[in-house]
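Heads up, the thing below is written out as structure tokens.
The values are calculated or read from the model by the stated rules, or taken from the named source; none is laboratory data. Model, not experiment: these values are computed from the prediction. Note that each Cβ is placed from the backbone with ideal geometry, even for glycine, and that neighbours are counted across all protein chains shown. These area figures cover heavy atoms from the full protein model, side chains too; ligands, DNA and RNA do not enter into them. Shrake-Rupley method; radii C 1.70, N 1.55, O 1.52, S 1.80 Å.
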Amino acid sequence: IAKEVAKLLEMKAQLGGDEGKHKFVLKTPKGTRDYSPKQMAIRERVFNAIITCFKRHGAEVIDTPVFELKETLTGKYGEDSKLIYDLKDQGGELLSLRYDLTVPFARYLAMNKITNIKRYHIAKVYRRDNPAMTRGRYREFYQCDFDIAGQFDPMIPDAECLKIVHEILSDLQLGDFLIKVNDRRILDGMFAVCGVPDSKFRTICSSVDKLDKMPWEEVRSEMVGEKGLSPEAADHIGEYVQLHGGLDLIERLLQDPKLSQHKLAKEGLGDMKLLFEYLTLFGIAGKISFDLSLARGLDYYTGVIFEAVLLQQENDHVEESVSVGSVAGGGRYDGLVGMFDPKGRKVPCVGVSIGIERIFSILEQRVEASEEKIRTTETQVLVASAQKKLLEERLKLISELWDAGIKAEVLYKKNPKLLNQLQYCEDTGIPLVAIVGEQELKDGVVKLRVVATREEVNVRRESLVEEIRMRTSR
């Protein structure tokens, strides 16, 4: 063996070593992705729709650092805290990448002593998950958050958050959707009357939260087997968490002999009734379902919680529609800012987060399936020439257009063929071509060609900008 190895090493030496050559693995880190111009064009469309809606509701925009002090994030996310990305000690500070935009927002409010703000924040967050990238789940992803902080009359801001979700999902035309709502106080009251010990509230809550992904039997065995809940308590919970409906269900539960005796649950049900009255005024109550199985795993929620799911008709014969996953969620968190305030001053907050990645992967698949052509630039006109030796004239003209705010391009060749210039417009979706030629220069005009219809008109040089604006605004 030693001889063989020596022989192979000798051959390798003759062939010339690989010193200095490092083999790179060309890939993005696990749970991340690059976005092509086409994907970014779709993404931009979605962001614009969301930002337009947030602004329509009077929100200001803020930004916060991508990493926070580790202690800022610790203990705010319940069982999910293990998914926080910790960074190496940097100059005496223990830092972590932000896990969501809500905790940094609460820190921002406490730090700046703000007691009243309506804000949106769109930025990347990080989770050390084992991501299912096919389902739009990543380790690095965008969140789009809208929050209302301040002391107001009950349920008015909460109803507005649900209205915003309804507006965005309707605007993006993702198909049929349902917004499930519940209240942390109703949940806690339900756990109490079902005989769940206080110490187990949070952990049982995170089990209930899995009901949208697992059947009741599996959730029940997790509660009893792994979390040590008594089978009686679990069965009791089962009777409640399978209920969903509207005002009628709220009325029924307000009469429930056990729940109505529980102070917090009664408060929650009273607020839920009020919420449904406001949602009816907004004209969206038909898309809202009061659902006792909705738990949302995060520790910081204190009142109303909600989640929007897209529905998919199984097939034409079946009325029953199935959920294809959550695309927005949120709720009320009245205690979070107080956790950061040295004097423990509370600032009530309610907010919603739009699941942009899930929405984006749905739209992306739809574009792929329909083979719709997506423009990746916004160029309005290509400045072209029909003869040789007109580069200077093309550059002069394009400079005029740029200075007038027109989005214009020119091919980077001295003497491009007219056919190639027109083909470029076809390929990239540029609607107009401004052609300069010797005759046009003499006459003080530019030939404007509409790519789609091949119609050509001579336009006076001084009215070209106006003509391009008029034709591209239509």
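Below, the figures for the structure above:
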{"quantity": "Criterion (under 27 Å from I362 (Cα atoms), in a loop (DSSP other than H, G, I, E, B), of a type in the set (S, T, Y) and in contact with a strand residue (DSSP E or B) (Cβ under 7 Å, 6 or more places away or on another chain)) met by exactly one of T32, T28", "calculated": "T32"}
{"quantity": "Options D80, D171, D153: the member that is open to solvent by 10 Å² or more (accessible area, probe 1.4 Å) and closer than 24 Å to K30 by Cβ", "calculated": "D80"}
{"quantity": "Residue count, region 425-438 (criterion: open to solvent by less than 70 Å² (accessible area, probe 1.4 Å) and over 22 Å from N458 (Cβ atoms))", "calculated": "2"}
{"quantity": "Residue match in region 336-349 (condition: under 23 Å from the mean Cα position of the chain (by Cα), buried (at least 20 other Cβ atoms within 10 Å of the Cβ) and aliphatic (A, V, I, L, M))", "calculated": "yes"}
{"quantity": "Only one of K113, K124, K118, K163 that is over 30 Å from K287 (Cβ atoms) and either out of contact with any helix residue (DSSP H, G or I) (no Cβ under 6 Å at 6 or more places or on another chain) or in contact (Cβ under 8 Å) with a residue 60 or more places away in the chain (or both)", "calculated": "K113"}
{"quantity": "In region 83-103, the residues that are open to solvent by less than 60 Å² (accessible area, probe 1.4 Å) and outside any loop (DSSP other than H, G, I, E, B)", "calculated": "L83, L95, S96, L97, T102, V103"}
{"quantity": "Residues of region 246-259 satisfying the condition of being without any contact (Cβ under 8 Å) to a residue 60 or more places away in the chain and open to solvent by 20 Å² or more (accessible area, probe 1.4 Å)", "calculated": "L247, D248, E251, R252, L254, Q255, D256, P257"}
{"quantity": "One residue from A49, A106 being of a type in the set (A, V, I, L, M), open to solvent by less than 50 Å² (accessible area, probe 1.4 Å) and within 17 Å of the chain's Cα centre (by Cα)", "calculated": "A49"}
{"quantity": "Number of the condition not met by C144 [criteria: (1) under 24 Å from F54 (Cα atoms); (2) open to solvent by 60 Å² or more (accessible area, probe 1.4 Å); (3) of a type in the set (A, V, I, L, M, F, W, C)]", "calculated": "(2)"}
{"quantity": "Every residue from region 61-89 that is within 19 Å of A123 (Cα to Cα), of a type in the set (D, E) and over 18 Å from the mean Cα position of the chain (by Cα)", "calculated": "E68, D86"}
{"quantity": "Subset of region 68-82 [assigned to a strand (DSSP E or B) and of a type outside the set (D, E, K, R)]", "calculated": "L69"}
{"quantity": "Long-range neighbours under 7 Å by Cβ, at least six apart or interchain, first residue not assigned by the TED database to the domain that holds R127 and hydroxyl-bearing (S, T, Y) within region 30-57, second in a loop (DSSP other than H, G, I, E, B) and open to solvent by less than 50 Å² (accessible area, probe 1.4 Å)", "calculated": "T32/Y138; T32/R139"}
{"quantity": "One residue from E400, E393, E368 being farther than 19 Å from L441 by Cβ and open to solvent by 30 Å² or more (accessible area, probe 1.4 Å)", "calculated": "E368"}
{"quantity": "Meets criteria (without any contact (Cβ under 8 Å) to a residue 12 or more places away in the chain, more than 14 Å from T379 (Cβ to Cβ), touching a helix residue (DSSP H, G or I) at 6+ places or on another chain (Cβ under 9 Å) and part of a strand (DSSP E or B)) for V446", "calculated": "no"}
{"quantity": "Sole exception among (1) of a type in the set (A, V, I, L, M, F, W, C); (2) touching a helix residue (DSSP H, G or I) at 6+ places or on another chain (Cβ under 7 Å); (3) open to solvent by 10 Å² or more (accessible area, probe 1.4 Å); (4) under 30 Å from Y85 (Cβ atoms) for V219, by number", "calculated": "(3)"}
